[in-house]
Amino acid sequence: TALDVTGVITTSGGITVGTSVTPTGSGLKHVRITTGAISAGLTALVTHTWASAFADANYTCSAEVVDSTASLLALRIVHIETVTASQVAVRINNSSGGDLTGSLHLICMHD
């Protein structure tokens, strides 16, 4: 069943999402992408271009990187470097002794 509402929705009991949230909405977007191989001791800029852009750059992103190392020396997010309506770029550091590839998870919500 679809619900199409323009305006404000107020609920006293919270919202339950069954299985997923559409990744390309105009107010909320999420994605899981590869970092590509990042050489030991170096940083890389991982950029994601949204399939459909936000209305502007007034959105907040949370980023997480996951890799398969069992060590404290692993891939780490340095910072979110740029945010535009159409893309977000995240600087990732590889503090390990070998090349690593991971997954970058982004959840972004328009303000």
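Here are a few things to note about the model shown:
- Residues of segment 80-111 classified as in contact (Cβ under 8 Å) with a residue 40 or more places away in the chain, among the β-branched types (V, I, T) and surrounded by 14 or more Cβ atoms within 10 Å (Cβ to Cβ), total: 4
- Selected residue [in contact with a strand residue (DSSP E or B) (Cβ under 9 Å, 6 or more places away or on another chain), of a type outside the set (A, V, I, L, M, F, W, C), open to solvent by 70 Å² or more (accessible area, probe 1.4 Å) and closer than 17 Å to V90 by Cα] from T22, T49: T49
- Search result, residues across segment 25-64 that are more than 14 Å from L100 (Cα to Cα) and of a type in the set (S, T, N, Q): S26, T47, T49, S52, N58, T60, S62
- Any hit, segment 8-28, residues being out of contact with any Cys (no Cβ under 9 Å at 6 or more places or on another chain), in a strand (DSSP E or B) and at negative phi: yes
- Some residue of segment 56-76 being out of contact with any strand residue (DSSP E or B) (no Cβ under 8 Å at 6 or more places or on another chain), closer than 30 Å to T6 by Cβ and either part of a strand (DSSP E or B) or open to solvent by 60 Å² or more (accessible area, probe 1.4 Å) (or both): no
- Among the residues listed as G27, G13, the single one being over 19 Å from M109 (Cα atoms) and open to solvent by less than 80 Å² (accessible area, probe 1.4 Å): G13
The values are calculated or read from the model by the stated rules, or taken from the named source; none is laboratory data. Keep in mind that what you see is a predicted model, and the values were worked out from it rather than measured. Reconstructed Cβ throughout: ideal geometry from the backbone, glycine too, with neighbour counts over all protein chains shown. Surface accessibility is based on the protein's heavy atoms, side chains included, excluding ligands, DNA and RNA. Shrake-Rupley method; radii C 1.70, N 1.55, O 1.52, S 1.80 Å.
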